[in-house]
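Structure first, commentary second.
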Amino acid sequence: MSQPFRLNKEGLINRNKKISFTFNGKKLFGYEGDTIASALIANGIHLVGRSFKYHRPRGFFGAGVEEPNAKLQVEFNGHSEPNVNATEMELVEGLSATSQNCWPSVNFDVGAINNFLKMFFPAGFYYKTFMWPKSFWYKIYEPFIRKAAGLGVASIEKDKERYEHKFEYCDLLVTGSGPSGLASAYAAAKNGAKVILAEDKPRFGGTLLTDDVSIDNLSGKDWAEKIITELKSMPNVTVKNRSQVFGYYDHNMLVMFERVSDHLEKKSKFTPRQRLWYIRAKETILSTGSIERPIVFGNNDTPGIFLSAAVKEYMKVYGVLVGKKPLIFTNNDSAYETALEFKKNNVEPIILDTREEHSSELIDEAKSKGIDIRFSHGVIVANGYKKVKSAKIGKLNKDKNSFEKIETVDCDCICVSGFWTPSVHLASQSGNKLKYEEKIDAFIPDKKKQHETSVGAANGSFTLEESLKHGFENGSNLSAKITETKTEISIPNVNEKKYGAHDKFWCMPLPKNENPKRFVDFQNDVSVSDIEIALREGYRSIEHVKRYTTLGMATDQGRTSNLNGLQLVSNIENKIVPEVGHTTFRPPFTPITIGTIVGREVGMEYMPTRKTPMHEWHEKNNAVFVDAGAWKRPRYYKLGSETLFEASKREAKNVRENVGICDVTTLGKIDIKGPDAAEFLNRVYTNAWMKLPVGKARYGLMLREDGIVMDDGTTTRISENHYHMTTTTAQAANVLSHLEYYLQIVWPELNVNVVSTTEQWAGAAIAGPKSRDMLSKLYPDLDVSNEALPFMGYKEAEFFGVPSRIFRISFSGELAYEINVKSDHGMFMWEKMMEVGKDFGNQPYGTEALSTLRIEMGHVAGPELDGRTIPSDVSLNGLVSKKKDFIGKNSLGREAFNVESRQKIVGLIPIDRKSSIPEGSHIVQDQNAKLPNPKLGHVSSSCWSVENNNPFSLAIMKDGKNMIGKKFFAVSPLKNKSIEVEVISSHYVDPEGKRVRS
Amino acid sequence: MLYIKCPYCGLRAQKEFSYGGDATVKRPNINEEVSSEDWDNFVYMRKSPRGKHIELWQHIAGCRQWIKVQRDTATHEIFQTAKVTEEIR
């Protein structure tokens, strides 16, 4: 099991630990510290995927985030993940990777026929072809495109991994641990600032790991290690590797994605897989470095063609040779370092330099080492299908638009360098308008927009000396402003090779009579000719060209293609690049998992669960719960094999005949205190409140300023300046905010305070004809007669030694009471009630029975108070005072609210007295009328009336009161039902309201 | 995510606040006659400026105070925050 392309000594991998994995089913091994990419290359595997549109064979191109091709489906730790970047994913024991976008296999892919049909797939192909006939879109085109598009397969299994979120604050966040980042973090840390240093890769140091430099007589790598060790020992510094800052948001908030355990073979149960950090930084250093850009030439996407710095990284970090017969194609000096590295490992490279013969430190060194350098040369076209075999090269003429002396040279890899593009993504996301720097043919950050400072290569400085100097200076100055401490640091001596000027050359001309594809964007298969077509067809704005050709729109966000695309557009348009402008950079910088974004907020943790103090009792007694906001409420208590329908009918019937108890803890409760409390309530509610005596409750209706009903509930005067307000469960929070708004902003002169007491009180309703008898047993020493405790009366009394509040109020329409005790005593109260209630036939009832009871009484609730109804719509105009002013009163005079035929609440019963009417049904005159069938109203609430033993519904219907006695249809296309109904009064049971007063 | 300085609690994340609309709208006085035009303006008519906007936020997961925030609606820059009893100029 030898690895044919692994060097013997070089690299930072751990050769003592072999890691086995599979690729497309084949068993392979690599070492700890390898990425999937480096392990595959060590094994001589280059063909890893097929391209998006033409299904052309593709191999690795980069060694990190810039990789456009090598996206794999990866299975590890029991889950499958699509589009994993093979150049970033670290090798872990048992990992299994497969190629995407190919069928039946990456070696023989049927879709590759597209490559031969490429003249039919130009830019805008989809837009042009799938336009007509229109009817084909859903059935033919859309499914076809769906099948052909996309890369990997998302898992349909539940993600069992743990993801976490973390909030952090710091003085200085440093994004990237290259030379400038290390220098900034170090200087700031020395000034006592709270520093976070984030590095995307597993190893710190950035280019210091691969460049042949020395700092203070240490190699770059050793210096980085020294600084990192010191930073890690400082309490004010957090150092994080495998952590990418991917987004720069408002008010200097940055978001970081930490890969906590993807590289671990074993981890503890509670170790998260990945972690999302929300970092609020006072200052941010963007030391994100730069990415090499390619030179465009014929068949430049053939496997075996790499960015030259990536090739160097494979040698120096992973000890891997990408090839043994390398061709190096460059327009600048940096690729010479790759050539020298090859030479050091006894591989003979050939350098093709687009520049005319000249001299520089690196060129001279290469020459002295006997490397074959051909100036004014370039690769015209690469030969080979699944792997590059040779290259047709030529000598460029003076204006570089044609060539002579064409020859073919054998090679097994081509290392391309078209100079460097600063990674300005985060700076741009912060709102920084970028500026074009002609010296480097790329954009760099302009004036600061937030608190971002770009240093080093990210700011266009490509020498180590400058990067370190900027890093130390900015780190020191920015932190000194915060900590008001300045520690002098001497800038270290640097030894680096001097680069000569680069050549402003980025695309090889086409050879005569040949038309090979020259790719600009590998991941989306956008070639030079596609951009030419887009421009020919009139697209001018770079944003339009981008969308029409999909240039730079793939998951790599055009890291290697954007600038070459811009150069092409500006050349054709005869504009300079800054006039063409750049497209928008958006977060995330690289794809991140959905799990990380979601974090722990899944399943039970999606939202808090609110339980009443009696919850355990409900659970033990077979309650089936329903969600009411965050609350869990018993919907019904299941006896034996009862259905919801049967149980709720039994429970409701028992309330009408005997007595039942219901947990009403979830109702919103607000304590209102202060000398102006009565005046405040008088303004908040539509009815009069000034004369409510102490010890009495009143039903109140609250409007919004636009006249729509906001909420209803009872409020009780506990003492002279103390009221207890109840709200519906759903509106509790809104009502509190509403009251606070008026007290703090509109009427600050009112001396009133409000506070939520929902959680402080446990509540139980006792309802039914026998409720008074039961109450007298619960309060043996209290006079609970109709005279002593009348309807809407209130008393405070001890409940078996526990202080309690008794309200004689009713939602069920029966004789009823509501008892409140402190939450801690809720369970005691409930169990006592169950015990005492036995003699009266008491049964607990849930929300379903509660609904039945209120619906047949015609009491309105959420479905009627739906944000579209005014008091008169729901027969509550009796509660609207004509004498006083209140919130929303002025709106009630609006014309539309007062037309004769306005919607009103009515009752509906099915003609057959059997068919239940689905809630949400529309009321229509003619069930067979042509669509759209005019809608006369809708069914808001439905129940089975236990009193009359037939279905009954409430509806909001146009001109409702005049419709009583008439017949209509309630149609529900959703349930495919149409039921003939008769309109009756909304008060189906006890319309005079005798029972509550009995 | 915005970083809002509550005049009572200090700098807090946007998550803790809820938005309350234009802070310059004045409710007509209670118990006083108001023309339907003035009332409609109060209930419905809001400007939607691009740029500086004085608005209400409630520190709902904090001190529960309503506060005034002067914010640029395009850039989200916050120029000033104040108690509702204070003026923002």
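Would you kindly work out the equivalent ellipsoid of chain B from its C-alpha gyration tensor and give its semi-axes, the square roots of five times the eigenvalues, largest first in whole Å?
Equivalent-ellipsoid dimensions as semi-axes: 26, 16, 11 Å.
Once the convex hull of the C-alpha atoms of region A:824-980 is built, how many Å³ does it hold per residue, rounded to a whole number?
Looking at region A:824-980, the number lands at 189 Å³ per residue.
Along the Cα-to-Cβ line of A:ILE984, 7 Å from the Cα, sits a label point; which residues in region A:861-892 have backbone N less than 15 Å from it?
What the label zone holds, given the 15 Å backbone N cut-off, is no residue at all.
Note down the relative contact order for region A:294-418 as a percent, whole number, built from C-alpha pairs under 8 angstrom at least six residues apart.
34
Lys/Arg Cβ at +1, Asp/Glu Cβ at -1, dipole of region A:627-688 taken about the Cα centre: which of A:TRP631, A:ASN687, A:GLY668 is farthest positive-ward?
A:TRP631
Given the C-alpha centroids of region A:487-532 and region A:622-678, what is the distance between them in whole angstrom?
What the calculation gives is 70 Å, centre to centre.
If the cut-off is 21 Å between C-alpha atoms, which lysines fall inside it for B:LYS15, apart from same-chain ones fewer than 8 positions away?
Qualifying lysines at Cα under 21 Å: A:LYS166, A:LYS282, B:LYS5, B:LYS68, B:LYS83.
Check A:ASN383: other-chain or 5+ apart residues with amide H under 5 Å from its amide H, H built from backbone geometry?
Amide H neighbours of A:ASN383, under 5 Å, 5+ apart: A:LYS389, A:SER390, A:ALA391, A:LYS392.
For region A:730-791, which GluC sites (Glu not before Pro) are both in a DSSP coil and crowded by at most 16 other Cβ atoms within 10 Å?
Filter output for region A:730-791: A:GLU749, A:GLU759, A:GLU787.
Per DSSP H run of at least 4 residues, take -39500 (n - 2.57); add these up for chain A, divide by its residues and hand me the 222 nm value, nearest 500 deg cm²/dmol.
-6000 deg cm²/dmol
I'd like the distance between the alpha-carbon centres of region A:60-94 and region A:328-354, rounded to an integer number of Å.
28
Two decimals is fine: what's Rg over Rh for the protein assembly as shown, C-alpha atoms, Kirkwood radius as Rh?
1.07
Put a dot 7 Å past each Cα toward the Cβ at A:VAL746 and A:LYS967; how far apart are the dots in nm?
4.8
Straight-line reach from A:LYS160: which lysines have Cα under 22 Å away, leaving out those fewer than 8 places along the same chain?
Counting by Cα, and skipping residues close in sequence, A:LYS160 has these lysines nearby: A:LYS266, A:LYS267, A:LYS269.
Comparing B:VAL43, B:VAL34, B:VAL25, which has the greatest mean-square fluctuation in the GNM of chain B with Cα pairs linked when under 10 Å apart?
Evaluated over chain B, the most mobile residue of the options is B:VAL34.
With the crude spin-label approximation of a point 7 Å out along Cα→Cβ, what separation in nm comes out for A:ASN217 versus A:LYS504?
My value for the distance between the label points is 4.5 nm.
Round to a whole angstrom and tell me the spacing of the C-alpha centers of region A:878-936 and region A:781-853.
35
Tell me whether region A:667-757 comes out rounded, prolate or oblate; compute the Cα gyration tensor, take square roots of the eigenvalues as a ≥ b ≥ c, and use a/c under 1.5 as the rounded threshold.
Rounded shape, in that the Cα axes give a/c under 1.5.
Taking A:LYS53 as the anchor, which aspartates and glutamates have their alpha carbon closer than 19 Å to its alpha carbon, excluding any fewer than eight residues away along the same chain?
Hits, sequence-local ones excluded: A:GLU67, A:ASP109, A:GLU142, A:ASP301, A:ASP521, A:ASP525, A:ASP530, A:GLU532, A:ASP556.
Which GluC sites (Glu not before Pro) in region A:527-560 pass both tests, a DSSP loop state and at most 14 other beta-carbon atoms within 10 Å?
A:GLU537
Along the charge dipole of chain A, pointing to its positive end and built from +1/-1 on Cβ of Lys, Arg, Asp and Glu, which listed residue (A:MET774, A:LEU182, A:ILE285) has its Cα farthest out?
A:MET774
Charges only on Cβ, +1 for Lys and Arg, -1 for Asp and Glu: so what's the dipole of the protein assembly as shown about the Cα centre, in debye to the nearest 20?
Computed charge dipole of the protein assembly as shown: roughly 1620 debye.
What translational D, rounded to a whole number of µm²/s, comes out for region A:294-418 from Stokes-Einstein when the hydrodynamic radius is the Kirkwood one over Cα pairs, at 37 °C and 0.692 mPa s?
Diffusion coefficient, whole number: 231 µm²/s.
How large is the Rg to Rh ratio of region A:713-865 when both quantities use alpha carbon positions and Rh follows Kirkwood?
Using only Cα positions, Rg/Rh for region A:713-865 is 0.99.
Once amide H atoms are placed 1.01 Å from N in the peptide plane, what residues at a sequence separation of 5 or more from A:ARG610, or on another chain, have their amide H within under 5 Å of its amide H?
A:TRP631, A:LYS632
Only the coordinates and a few stated rules stand behind these numbers; no lab work does. All values derive from a computational prediction rather than experimental measurement. Cβ: placed from backbone, ideal geometry, glycine included. Neighbour counts: every protein chain shown.
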